[in-house]
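Please read the structure below before turning to the comments.
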Amino acid sequence: MKLLWVILLLLFVLSCEDNDKKNCIDESKITNFSCDDVYDPVCGCDGVTYSNNCVAENSGVTDWIEGECN
């Protein structure tokens, strides 16, 4: 019986979606604005490394930190 509960718990944890990543892209902010080619990487809340904050912002990313993603 304990094994069944462990299996159910694992299935629940593995099936949960990461809503933070889903909600960190605002499609209304996606633009085709041209950004500088300066490489100053930022890590978007979606786990993608963008070449700079301008590229992240124009991709609709709502939050990022300086530096590359791991």
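Nothing in this text is a laboratory measurement; each read-out follows from the coordinates by a stated rule. Since the structure is predicted, the reported quantities are computational estimates derived from the model, not experimental observations. No Cβ is skipped: glycine too gets one built from the backbone with ideal geometry, and neighbour counts run over all protein chains shown.
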With x for Gly and Pro, the residue-by-residue ³J(HN,Hα) of region 45-56, computed from phi through the Karplus equation 6.51 cos²θ - 1.76 cosθ + 1.60 at θ = phi - 60° and given in whole Hz, is 4, 8, x, 9, 8, 9, 5, 6, 5, 5, 5, 4
Give me, ordered by chain and number, the residues 5 or more places off V61 or on other chains with an amide H under 5 Å from its own placed amide H. D26
Highest first, please rank the peptides 41-47, 59-65 by the mean number of other Cβ atoms sitting within 10 Å of their residues. 41-47, 59-65
³J(HN,Hα) across region 30-44 via Karplus (A = 6.51, B = -1.76, C = 1.60, θ = phi - 60°), whole Hz, x for Gly/Pro? 6, 10, 9, 4, 7, 9, 5, 8, 5, 8, 9, x, 10, 9, x
Value of Rg to Rh for region 18-70 (Rh from inverse mean 1/r over Cα pairs, i.e. Kirkwood): 0.96
